[in-house]
Amino acid sequence: MAGEEQRRRWSLQGKTGLVTGGTKGIGHAIVEELAGFGVIVHTCARDEAHLNECLSKWKNKGFQVTGSVCDVSSRTEREKLMQTVYSLFDAKLSILVINLHPISFDCFPTIEHTAEDFSFHISTNLESAYHFSQLAHPLLKASGCGNIVFISSLSGVVSLGISSIYSATKGAMNQLARNLACEWVSDSIRANSVAPTFIATPLVDNAFDDEFKEVVESTNPSGRIGKPEEVASLVAFLCMPASSYITGQTICVDGGLSVNGFSYQPHS
């Protein structure tokens, strides 16, 4: 009996989950991690061809994953996606992972950002996370044990010398998780933020030069850039019954970077 209880606490078998931005980088790793634990996953992406390619590969692996084309910056498309999820999962959702691809990791000074830059970041990162949470609330409540995990960023916790707008939206996501954790606890919904540092994804590879990566690796106590699956494993844990007393937290996945300090000044 004790062994069965332990297996239940560390199981996600049969749970339902929505992972936004699940075809690349961290999102892709999260889809595979959850599906590997038996979660029935729905994901979304803007690129239909790439989405279909991923769905085919996941099917061959035996994963239960479906997908929709969705631009998460569009309020109408977010509502359409959640209606699809409502129908697929019989109005019940166990897991909501808000993984929003950042617009940029630029190092421009704050005074050089335009009003358009600000609006674009806010709508894509913060507004989307807020709206998805609102839309998912009744489904998460109906599941009897709902979990929200925001994929935030270490730049929302400490200064990393990158876009102040991007960093501000990620910091706001962390605070949103805290508020929802308290507000929705009576609905049996937990909410947490996972804040990765620079992770080895195509986005990071394209955004930073070798000099920047050398600075990150030399400053990080772990001596390297993280892997997507190292973020995904924490997400899975936060959705398990084993983590039932963890809510409202921002957990850094950074190899120790946040406690060691980091400073980078790009060449002008």
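The values are calculated or read from the model by the stated rules, or taken from the named source; none is laboratory data. No experiment lies behind these values; they were computed from the predicted model shown. Here Cβ is always computed from backbone atoms with ideal geometry, including for glycine, and neighbour counts include all displayed protein chains. The area values use the complete protein model at the heavy-atom level, side chains included, leaving out ligands, DNA and RNA. Shrake-Rupley method; radii C 1.70, N 1.55, O 1.52, S 1.80 Å.
Where the centroid of each part is defined by its Cα atoms, how far is the range 1-42 from the range 214-237 in Å? Answer, in whole Å: 21. Working from label points 7 Å from Cα in the Cα-to-Cβ sense, the THR114 to GLU183 distance is 3.3 nm. Between CYS145 and ASN60, residue separation times 0.36 nm minus the direct Cα-Cα distance comes to 27.6 nm.
When the Cα positions of SER159, ALA200, ALA142 are compared along the charge dipole of the range 135-211, ALA142 comes out farthest toward the positive end, with charges on each C-beta of Lys, Arg, Asp and Glu.
Taking all Cα pairs closer than 8 Å and separated by 6 or more residues, the relative contact order of the range 35-110 comes to 25 percent.
Charges were assigned to the Cβ only: +1 to each Lys and Arg, -1 to each Asp and Glu. The resulting dipole of the chain about its Cα centre is roughly 1080 debye. Relative to the dominant Cα principal axis of the chain, helix 75-88 is inclined by about 30°. DSSP beta bridges fully contained in the chain are about 0 percent antiparallel. With protein chains left intact and a 1.4 Å probe, residues in the range 125-268 average 42 Å² of accessible area per residue.
As a rough guide to protection, the peptides 138-148, 71-81 ranked by mean Cβ packing within 10 Å, highest first, stand as 138-148, 71-81.
Across the accessible surface of the chain, with the other protein chains kept in place and a 1.4 Å probe, carbon and sulfur atoms take up 52 percent.
Spin-label model, GLN13 to GLU79: label points 7 Å out along the Cα-to-beta-carbon direction sit 4.0 nm apart. Each residue of the range 169-176 was assigned a 3J(HN,Hα) from its phi angle through the Karplus expression (A = 6.51, B = -1.76, C = 1.60, θ = phi - 60°), giving 5, 5, x, 5, 4, 4, 5, 4 Hz with x at Gly and Pro.
Here the range 1-44 is assigned +1 on the Cβ of each Lys and Arg and -1 on the Cβ of each Asp and Glu. Its dipole about the Cα centre then comes out at about 60 debye. In the context of the full set of protein chains, residues of the range 1-83 present 54 Å² of accessible surface per residue (probe radius 1.4 Å, heavy atoms only). Short-range pairs are left out: with C-alpha atoms under 8 Å and at least six residues apart, the relative contact order of the chain is 20 percent.
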